[in-house]
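The values are calculated or read from the model by the stated rules, or taken from the named source; none is laboratory data. Values in this document were obtained by computation on a predicted structure and should not be read as measured data. Reconstructed Cβ throughout: ideal geometry from the backbone, glycine too, with neighbour counts over all protein chains shown.
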Amino acid sequence: MRCQRCEFENMPGLEKCMRCGSVLSAAAEPVDVHPPRMSRWKKPIRNLFRRLRKFMPIAAWSGDDLHSRAFPDWISKASRVAFFGAILSLIPGLAHAIQRRFSSIRWWVVAWVVLLLSSLFLFGSGVGMFLMGLTLGVHVWIAVHSALLAEYHQFNYRLAGYLIIMVMYFILYQAFGRVIFYDLRGGYSVINVPTARVHHGDYLLGRVSQIDSADMTRGNFVLARLENVGNHGFRRRAEAAYVQVIGLGGDTVAIENGLFVVNGNIQDAKQFPVPTWLKQQSFSTVVARDSYFISAQYRGTGYTESQAIEVCIVSQEQIEAKAFLRWIPLRRRGFIKGY
Amino acid sequence: MKRFTHLEFDDTSRSPDLSGNGESVRDAAYFHQRAIQCFLHSDFELALRNYSRALEVNSSFFDAWAGQIWMLIELGEYPEAIVWADKALESFPEHPELLASKAAACLRDAKFEKAKAYSDNSISKDNVGPRVWLVRAEVLLQSKSRVADNCISKALALSDDKADLTRFEAGRLLRRYGRYSTAVEYLQEVVHQFPKSALAWYELGYCQSRLGFTQAKTSLEQCLHLHPHFTEAKERLKCASAGFLGRLLCRLGLR
């Protein structure tokens, strides 16, 4: 069989030319002469990554040290690499994808997505908080894995890098949370209202956009900042908690025989329950405009009348959100109807 | 009508006959020549298909294999170019030009270490052609080495019958790495040789506009006259015709 390239006469049955190594079966078998082509959907993705690579820092970070002269000498390659790895890994797997080794981290990215969704589903509960912590940990691991591990080989350096990225990401998680869920505020209820199926310690979600006085009615659950109303303390450590609105601005609120009386009307004890510490009180007060009379369960007893009034009346500025959803516990998850 | 856009007819508007006229035998060399014309007209897709047709006629036609790989590179399909170079290397093992093509594909796909290795390999072979030296120059330009100019000179010295195409490639290479003034020298010779090549005019116009030369407008207009649908040329012409602020934004890459 004659080789098409070097024209050497080979023994029959050989697949490759003895002299030059060319494939001999090329002439006998039909050869596919149409090259593989890029799929249409891949084109924008590849273009995006090429554009990203054009940026100097990413080019320098891509493994070779070609563009090191673009950076000052006092910034070591390891620092540069670790920094850009951490920045790019804000989107988990992006740094790996640019480095073309996404497959090495793909299961971690899947785990991150699953943990994130689970933690959001259970957010507010202890398990949810734990899962959120794990999500953060996995995310930091992805960032560390992208570049830092390859550059720093000593344990203390790696640990320091991990902790620094952990703090950085923790701050960013909080910032992202605020931006993405800008209209939502979560908080624990410090009031027990059976008719609304809201119990003490439930995690409620509220909307920031619905705290205008026009939207507010008696019985609403509102997230109130209570740090300025006296050093009485909540059961929970949070600065803000969900409380129930009893009286609006201009209302006269009184407590008589362990019941709320608003503008002379006795309120239903199940719908507007009086907290234990207030049951011992007996007073009447007029709620100022742009203020609310709220009901919340506090620790301790023995407040004077003026202290009790000071605790119960909050200004409009102290209200952060109006609750619309019971989030935790799961068995009572649902919208708060009629409140 | 989109499904019919890729049908191939003897459409002279898409593949202008730059070299001459007359009846030709439709052999591999004919399609190869047409592919080069399409390339000069910046129609890389059609050039690729012409190379494929050349291979359909003669599957052992080396220039068509090499051309296909280069057209894939020009189309930005680097992984596919690498795959196709591997396939070509099965038929032409250790061919320096194929190794160089693979190196170029790796280089443009930001795989510098691999590109360097393939370029080293290609240059160590016998009978090294001009393209091998051009790829070597590209590798060296990427690493900001001054020896790149010597490689381009070597490539030009080695190219006998393809001196103009090599010069064109050298000009494009230098343009890609921002060496506009040197690129202009090469490209001006190229446009004299290929006055109907839209791509050559575009490359020249691009370099001239980056250097702030007023001739850029003429070159780009000439390019658009030859190829009215050349998007990049239209954009570059907008930049070249813009005022001071527009040009400044173009310089900064913001427009």
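Considering only segment A:143-158, how many residues are farther than 20 Å from residue A:100 by Cα and crowded, with 18+ Cβ neighbours inside 10 Å?
Of the residues in that region, 1 qualify.
Let me confirm something: among A:278, A:325, which residue is out of contact with any helix residue (DSSP H, G or I) (no Cβ under 6 Å at 6 or more places or on another chain) and either assigned to a loop (DSSP other than H, G, I, E, B) or crowded, with 18+ Cβ neighbours inside 10 Å (or both)?
The match here is A:278.
Do we find that residue B:66 is within 10 Å of another protein chain (Cβ to nearest Cβ), surrounded by 18 or more Cβ atoms within 10 Å (Cβ to Cβ) and modelled with pLDDT of 85 or more in this structure?
The answer is no for residue B:66.
Being farther than 14 Å from residue B:96 by Cβ and of a type outside the set (A, V, I, L, M) is the filter; apply it to segment B:117-150 and report the residue that is nearest to the chain's Cα centre (by Cα).
B:138
How many residues are among the aliphatic types (A, V, I, L, M) and without any contact (Cβ under 8 Å) to a residue 40 or more places away in the chain if we restrict to segment A:145-169?
Here the count works out to 7.
Quick one: residue B:93 ticks every box in (1) in contact with a helix residue (DSSP H, G or I) (Cβ under 7 Å, 6 or more places away or on another chain); (2) farther than 30 Å from residue B:232 by Cα; (3) within 8 Å of chain A (Cβ to nearest Cβ) except a single one, so which number is it?
Unmet condition: (1).
Quick check on my filter: what residues within segment B:71-84 are more than 8 Å from chain A (Cβ to nearest Cβ), of a type in the set (Phe, Trp, Tyr) and surrounded by 24 or more Cβ atoms within 10 Å (Cβ to Cβ)?
Hits for segment B:71-84: nothing passes.
Being surrounded by 20 or more Cβ atoms within 10 Å (Cβ to Cβ) and out of contact with any Cys (no Cβ under 9 Å at 6 or more places or on another chain) is true for just one of A:140, A:179, A:167. Which residue is that?
Values: A:179 fails: surrounded by 20 or more Cβ atoms within 10 Å (Cβ to Cβ); A:167 fails: surrounded by 20 or more Cβ atoms within 10 Å (Cβ to Cβ).
Of the residues listed, the single one that is surrounded by 20 or more Cβ atoms within 10 Å (Cβ to Cβ) and out of contact with any Cys (no Cβ under 9 Å at 6 or more places or on another chain) is A:140.
Kindly indicate whether residue A:66 is within 11 Å of another protein chain (Cβ to nearest Cβ), assigned to a helix (DSSP H, G or I), at pLDDT below 75 and closer than 30 Å to residue B:67 by Cα.
For residue A:66, the condition - within 11 Å of another protein chain (Cβ to nearest Cβ), assigned to a helix (DSSP H, G or I), at pLDDT below 75 and closer than 30 Å to residue B:67 by Cα - is not met.
From B:117, B:104, which residue is crowded, with 22+ Cβ neighbours inside 10 Å, aliphatic (A, V, I, L, M) and part of a helix (DSSP H, G or I)?
Of the residues listed, the single one that is crowded, with 22+ Cβ neighbours inside 10 Å, aliphatic (A, V, I, L, M) and part of a helix (DSSP H, G or I) is B:104.
Considering only residues that are acidic (Asp, Glu) and touching a Gly at 6+ places or on another chain (Cβ under 8 Å), which ones fall in segment B:188-220? Quick ask: steps written out before the conclusion?
Of all residues in segment B:188-220, those acidic (Asp, Glu) come to B:189, B:203.
The answer is B:203, and nothing else.
Which numbered condition trips up residue B:49, out of (1) within 19 Å of the chain's Cα centre (by Cα); (2) free of Cβ contacts under 8 Å to residues at least 40 places away in the same chain; (3) within 12 Å of chain A (Cβ to nearest Cβ)?
If we test residue B:49 against (1) within 19 Å of the chain's Cα centre (by Cα); (2) free of Cβ contacts under 8 Å to residues at least 40 places away in the same chain; (3) within 12 Å of chain A (Cβ to nearest Cβ), just (2) comes out false.
Take the residues in segment A:74-115 that are modelled with pLDDT of 85 or more and not in a helix (DSSP H, G or I), then tell me which one is surrounded by the fewest Cβ atoms within 10 Å (Cβ to Cβ).
A:91
What residue, of B:58, B:21, is modelled with pLDDT under 95 and either within 14 Å of chain A (Cβ to nearest Cβ) or crowded, with 20+ Cβ neighbours inside 10 Å (or both)?
Going through B:58, B:21 in turn, just one is modelled with pLDDT under 95 and either within 14 Å of chain A (Cβ to nearest Cβ) or crowded, with 20+ Cβ neighbours inside 10 Å (or both): B:58.
Any idea which residue in segment B:24-46 is nearest to the other protein chains (Cβ to nearest Cβ), counting only those that are within 19 Å of the chain's Cα centre (by Cα) and part of a loop (DSSP other than H, G, I, E, B)?
Filtering segment B:24-46 for residues that are within 19 Å of the chain's Cα centre (by Cα) and part of a loop (DSSP other than H, G, I, E, B), the one nearest to the other protein chains (Cβ to nearest Cβ) comes out as B:43.
Of the residues B:111, B:87, which single one is more than 24 Å from residue B:144 (Cα to Cα) and facing chain A (nearest Cβ under 9 Å)?
Going through B:111, B:87 in turn, just one is more than 24 Å from residue B:144 (Cα to Cα) and facing chain A (nearest Cβ under 9 Å): B:87.
Among the residues in segment A:191-199, are any among the hydroxyl-bearing types (Ser, Thr, Tyr) and over 15 Å from the mean Cα position of the chain (by Cα)?
Checked segment A:191-199: at least one residue is among the hydroxyl-bearing types (Ser, Thr, Tyr) and over 15 Å from the mean Cα position of the chain (by Cα).
Can you tell me how many residues in segment A:300-331 are closer than 21 Å to residue A:282 by Cβ and free of Cβ contacts under 8 Å to residues at least 24 places away in the same chain?
Looking only at that region, the number is 3.
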